[in-house]
1. Compute the separation of the alpha-carbon centres of region 13-81 and region 197-248 and state it in Å as a whole number.
2. Say we join alpha carbon atoms closer than 10 Å with springs in a Gaussian network model of the chain; which of SER69, SER18, SER160 then has the biggest fluctuation?
3. Name the residue farthest towards the positive end of the dipole of region 177-256 from the options GLY198, ALA211, LEU252, assuming +1 on Cβ of Lys and Arg, -1 on Cβ of Asp and Glu, about the Cα centre.
4. When the chain is treated as a GNM, springs tying every alpha-carbon pair under 10 Å, which of GLN182, GLN215, GLN62 comes out with the largest mean-square fluctuation?
5. Sort ASP140, ASP193 by Cβ crowding within 10 Å, fewest neighbours at the top.
6. Taking each pair of different alpha-carbon atoms in region 195-262 once, compute 1/r for the pair, average those values, and report the inverse of that mean as the Kirkwood hydrodynamic radius in Å to one decimal.
7. Determine the dipole magnitude for region 18-72: charges of +1 sit on the beta-carbon of Lys and Arg, -1 on that of Asp and Glu, nothing else is charged, the reference point is the Cα centre, and the result goes in debye to the nearest 20.
8. Which one, GLU26, GLU11, GLU209, has the greatest fluctuation when you compute a Gaussian network model over the chain with C-alpha springs under 10 angstrom?
Amino acid sequence: MLQTIPRNRRELGDFLRSRRAALRPEAAGLPEGRRRRTPGLRCEEVAELAGIGIDWYVRIEQGRAVNPSASTLDALARALRLSAVDRAHLLTLAGAGEMQAFARESVPEALRRIVESLSQPAYITGRLWDVLAWNAAAEDMFAFGRLAEEERNTLIGMFSNPATRALFGSGWPEEARRMIAQFRATYDLHARDPAFVGLVERLRAASAEFAAWWQAHDVRRPAAGQKSLSHPKKGAVRLAYATFQSNDDPALKLTIYTAAPP
């Protein structure tokens, strides 16, 4: 029987609190008024803007057992001036039920062979961002094979491996924050899973930057983009990348790199 992880409303409350703290009064159409001890809006201001009771809103932020309706969530999204990505994340958190407990994924042999046949750098990651399979071009670029299996994780590499940090050079902070925001969208759905909790605690202990940026609770959708690398043998390298989900297992994500256009 598959183990499941119970619903965790705390992440919904934490997300609302982070967006409330990030929203300046004037951006919400409120006068600044008297000095504030903390930045952002007060609970009562969010409740008033959303047209809901202050006690009800506080209960949501506290992660108590309440079930906000779709209209309430829409009102909160408008009150907090949420972006489309933030609004989608809010709705996902509010509707999330029990989740299957994490188990390390396996890569189907056919998919592994396809990745290994590609001439461009390509690798497959799982739900916890473990690197599960990669090809020779990815090995040449990222040296996954030189790492112990428990270190073969893109987040662990980014925040605890000096070689990975050096590879990204001056672009490391931007890339690191992008990765945190994308992983946060997944983490919030598995926030009581010991594997996810353990990974975040390890990253917090390894990196002060991770701890600070994680607290901001930013979320992003996966998207194609470009990376500028400072490779120890290849020198300055600029790559374009895109990611794809596997039909065999949606938890598996294929990342492919090509040379970026000039």
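1. Region 13-81 and region 197-248 have Cα centres spaced 30 Å from each other.
2. In this elastic network of the chain, the residue with the biggest mean-square fluctuation among SER69, SER18, SER160 is SER69.
3. ALA211
4. GLN215
5. ASP140, ASP193
6. 15.0 Å
7. Taking the Cα centre of region 18-72 as origin, the dipole is about 280 debye.
8. GLU26
The numbers here are math on the coordinates, done by the rules we state, and not lab data. Since this is a predicted model, take the numbers as computed values, not measurements. Neighbour counts are summed over all protein chains in view; Cβ atoms, including those assigned to glycine, are modelled from backbone coordinates with ideal geometry.
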